[in-house]
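Reading through the structure tokens given below for one structure.
The values are calculated or read from the model by the stated rules, or taken from the named source; none is laboratory data. The shown structure was predicted, so the numbers you read here are calculated from the model rather than taken from an experiment. Cβ sites come from the backbone with ideal geometry, for glycine too, and all protein chains shown count toward neighbours.
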Amino acid sequence: MRCPYCQSLDTQVKDSRPAEDGNAIRRRRVCPDCGGRFTTFERVQLRDLVVAKKSGRKVPFDRDKLMRSFDIALRKRNVEPERIERAVSGIVRQLESSGETEISSDSIGELVMEALKSLDDVAYVRFASVYRNFREARDFQEILGQLKDGDEAE
């Protein structure tokens, strides 16, 4: 692993432990050249996924981008980071185990909406407003009506 400080290729692992409910390994590393300390996470990747955008462009799947989407929707909301990590890991696992190597951005967006709905209603509405390109107040009323109907069904 390359040192992020001095770019040396010779770093040493000082400590390893499970992270993210056992879905990753957290490694504390030290660089013998500059003494810099940093943490890395190692995750199992079943296959390389490609995201098919609405424009037809294809880009490699980026777990960090998925996490940023959650972070933006959940900004200033009181949701534990562990629950967010579990939701993101669940989506990634679902995508990897689907058997498909090419996934549409629409299907990823639907999975994110489903996960956000179970985490936080406000984040769900925030994400939906961008994802579904809300243009007027009626769009918000419809999604809020769906949330209300879902609450009454429980």
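Hey, among the residues in the stretch 54-76 that are among the hydrophobic types (A, V, I, L, M, F, W, C) and part of a helix (DSSP H, G or I), which one's surrounded by the most Cβ atoms within 10 Å (Cβ to Cβ)?
So the first thing to find is which residues in the stretch 54-76 are among the hydrophobic types (A, V, I, L, M, F, W, C), and the list is 59, 61, 66-67, 70, 72-74.
The next check asks that each one be part of a helix (DSSP H, G or I); those that pass are 66-67, 70, 72-73.
Details: Leu66: 21, Met67: 17, Phe70: 23, Ile72: 12, Ala73: 26.
That would be Ala73.
Are there any pairs, at least 6 apart or on different chains, whose C-beta atoms fall under 8 Å, with the first in the stretch 131-148 and part of a helix (DSSP H, G or I) and the second aliphatic (A, V, I, L, M), and if so, which?
Listed by first residue and then by second, the contacts come to Tyr131/Val112; Tyr131/Met113; Phe140/Val125; Ile143/Val125; Ile143/Ala128; Leu144/Val125; Leu147/Val125.
Out of the residues in the stretch 95-112 that are assigned to a helix (DSSP H, G or I) and at pLDDT below 90, which is surrounded by the fewest Cβ atoms within 10 Å (Cβ to Cβ)?
Initially, the stretch 95-112 is screened for residues assigned to a helix (DSSP H, G or I), giving 95-97, 105-112.
Next, only the ones that are at pLDDT below 90 stay: 96-97.
On the way: Glu96: 18, Ser97: 10.
Ranking the candidates gives Ser97 first.
Across the stretch 12-54, what is the total count of residues that are among the polar types (S, T, N, Q) and in contact (Cβ under 8 Å) with a residue 24 or more places away in the chain?
The first filter runs over the stretch 12-54 and keeps only residues among the polar types (S, T, N, Q), leaving 12, 16, 23, 39-40, 45.
Filter once more, keeping what is in contact (Cβ under 8 Å) with a residue 24 or more places away in the chain: 23, 40, 45.
Qualifying residue count for the region: 3.
For Phe61, are the conditions met, namely being of a type in the set (Phe, Trp, Tyr), more than 18 Å from Arg126 (Cα to Cα) and not assigned by TED's automatic domain parsing to the domain that holds Phe127? Show your work before the answer.
Values: of a type in the set (Phe, Trp, Tyr): yes; more than 18 Å from Arg126 (Cα to Cα): yes; not assigned by TED's automatic domain parsing to the domain that holds Phe127: no.
No, not satisfied.
Which residue out of Val51, Val92, Val79 is at negative phi, in a loop (DSSP other than H, G, I, E, B) and in contact with a helix residue (DSSP H, G or I) (Cβ under 9 Å, 6 or more places away or on another chain)?
Details: Val51 fails: in a loop (DSSP other than H, G, I, E, B); Val92 fails: in a loop (DSSP other than H, G, I, E, B).
Val79 is the lone residue from the list that is at negative phi, in a loop (DSSP other than H, G, I, E, B) and in contact with a helix residue (DSSP H, G or I) (Cβ under 9 Å, 6 or more places away or on another chain).
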